[in-house]
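Input: a single structure, listed below in structure tokens.
The values are calculated or read from the model by the stated rules, or taken from the named source; none is laboratory data. Note that the structure is a prediction, hence the values are computed from the model and not measured. Virtual Cβ from ideal backbone geometry, glycine too; neighbours counted across all protein chains shown.
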Amino acid sequence: QVQLQESGPGLVKPSETLSLTCTVSGYSISSGYYWGWIRQSPGKGLEWIGSIYHSGNTYHNPSLKSRVSISVDTSRNQFSLNLNSVTAADTAVYYCARGRGSTTNWYSDYCGQGTLVTVSS
Amino acid sequence: DIQMTQSPSSLSASVGDRVTITCRASQTIGMYLNWYQQKPGKAPNLLIYAASNLESGVPSRFSGSGSGTDFTLTISSLLPEDFATYYCQQSYNLPPTFGQGTKLEIK
């Protein structure tokens, strides 16, 4: 059974960097699929942040401009999200997810349980 | 970005009812449309992919149809565990975008 688990700080100060890691079990990231992040806030609903293929090719939401960085560590079977220069608008529940389909045809068949990240001083 | 609009935003129904939720895309997306169910405090769970394909393990009372810009999710006979929020999502191009959700409540 594929399982994903997010980890990272639940509180981040404005202008700092939000860093989350997703640990995958039950499937080897290096075997394929597009591993991604989505977030959910009351104001903006569900929003796709970006994804990464096991080879390291990344894709991100242009709405987040250049603030997003996604990386993969196949040796640890983990992938990570960095979102810099955060503001209160980045407060949300963050989910990591396995993406099926292809580079553009991304939809998730497995999600982590989600982690609430609050941006506040 | 492709805008996804669901209707209704909320819906009251009874156990045993047949319900239909509609999703409209701002441009044609072929059959690149997926449906999720989300319960409070839980992650979205994939129900239907590519407009009409039932995800493994999902009960057959769920079905999806449509193509182009207009899509529907139908639950043939509601069970208590079906009361949740449902989201559509287009995967025609990047970034994938979601509808605003339809909250299905018990009447």
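Tabulated data for the structure shown
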read-out: Selection from the range A:97-108 of residues that are in contact (Cβ under 8 Å) with a residue 60 or more places away in the chain and either in a strand (DSSP E or B) or farther than 17 Å from residue A:56 by Cα (or both); value: A:97, A:98, A:99, A:100, A:101, A:106, A:108
read-out: Within the range B:1-47, strands (runs of 3 or more DSSP E) holding 3 or more residues that are of a type in the set (Gly, Ala, Ser); value: B:10-13
read-out: Subset of the range B:55-107 (residues that are among the polar types (S, T, N, Q), assigned to a loop (DSSP other than H, G, I, E, B) and either surrounded by 15 or more Cβ atoms within 10 Å (Cβ to Cβ) or more than 12 Å from every other protein chain (Cβ to nearest Cβ) (or both)); value: B:60, B:69, B:76, B:77, B:91, B:93, B:100
read-out: Complete set of residues in the range B:26-51 that are surrounded by 15 or more Cβ atoms within 10 Å (Cβ to Cβ) and among the hydroxyl-bearing types (Ser, Thr, Tyr); value: B:32, B:36, B:49
read-out: Residue count, the range A:54-69 (criterion: in contact (Cβ under 8 Å) with a residue 12 or more places away in the chain and away from chain B (no Cβ under 13 Å)); value: 4
read-out: Unmet criterion (only one of (1) without any contact (Cβ under 8 Å) to a residue 40 or more places away in the chain; (2) more than 14 Å from chain B (Cβ to nearest Cβ); (3) over 12 Å from the mean Cα position of the chain (by Cα)) for residue A:16; value: (1)
read-out: Qualifying residue in the range B:14-21 (condition: touching a strand residue (DSSP E or B) at 6+ places or on another chain (Cβ under 6 Å), hydrophobic (A, V, I, L, M, F, W, C), closer than 19 Å to residue B:95 by Cβ and surrounded by 18 or more Cβ atoms within 10 Å (Cβ to Cβ)); value: no
read-out: Breaking point among (1) touching a residue at least 24 places away in the same chain (Cβ under 8 Å); (2) of a type outside the set (Ser, Thr, Tyr); (3) within 14 Å of chain A (Cβ to nearest Cβ), for residue B:21; value: (3)
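For every residue, the table says whether it meets (1) closer than 22 Å to residue A:109 by Cβ; (2) exposed (fewer than 13 other Cβ atoms within 10 Å of the Cβ); (3) at pLDDT below 95.
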| residue | (1), (2), (3) |
| --- | --- |
| A:6 | yes, no, no |
| A:13 | no, yes, no |
| A:36 | yes, no, no |
| A:39 | yes, no, no |
| A:43 | no, yes, yes |
| A:49 | yes, no, no |
| A:66 | no, yes, yes |
| A:81 | yes, no, no |
| A:85 | no, no, no |
